[in-house]
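Read the structure below first, then the notes.
Please treat every number below as a calculation from the coordinates, not as lab data. It should be emphasised that the depicted structure is a prediction, and the values quoted were computed from it without experimental measurement. All Cβ positions, even for glycine, are placed from backbone atoms using ideal geometry, and neighbour counts span all protein chains on display.
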Amino acid sequence: MATAEVTLIPIGREGAGLSDILAEVARHLASQERVTFEMRAMGTELEGDVHDILTLVGEIQEIPLMLGLPRVYTVLKLDNRVDRDQGLGEKVEAVEQHLREGETELPGPATPPE
């Protein structure tokens, strides 16, 4: 299973608001069953087969263009782990487990070079 995060940045309209466009993206995500997703404030997390994720990203990045915008900048981070099945929840749980066990010490502030 692969995990990903995608951020769409529609370009070419007046104003800074994008919630109406992202609502259309959310409708498209909800209408499909290949990839699970969770929309967040700064991007959307995806979980599924690599091919399905890449196909879905291709579909959603077209939505702003279909709505009349001349350009969309898409940022995709993709993690394709094949040695074990690890979804988004398991990734977070692994970090939380280390914190509960006290195995992880956070480093202090970086010291600037002299």
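Odds and ends about this structure:
- Principal-axis tilt of helix 50-66 within the chain, Cα atoms, nearest 10 degrees: 40
- Computed per residue of the chain from DSSP H runs no shorter than four, each worth -39500 (n - 2.57), the mean residue ellipticity at 222 nm is -12500 deg cm²/dmol.
- Sites residue 90 and residue 27 - FRET efficiency at Förster radius 25 Å, r taken between beta-carbons, to 0.05: 0.30
- 13 Å beta-carbon shell around residue 69, net charge (K/R +1, D/E -1): -2
- Between 0 and 90°, nearest 10: helix 19-31 axis offset from the chain longest Cα axis: 80
- Residue exposure sequence - 11, 53 - by fewest surrounding Cβ within 10 Å: 11, 53
- Gain on full stretching of the segment that runs from residue 73 to residue 97 - 0.36 nm per residue minus C-alpha separation: 5.1 nm
- Gyration tensor over alpha-carbon atoms, the chain, equivalent ellipsoid semi-axes in Å: 32, 21, 12
- Sorted by Cβ neighbour density within 10 Å, fewest at the top, the residues 46, 67: 67, 46
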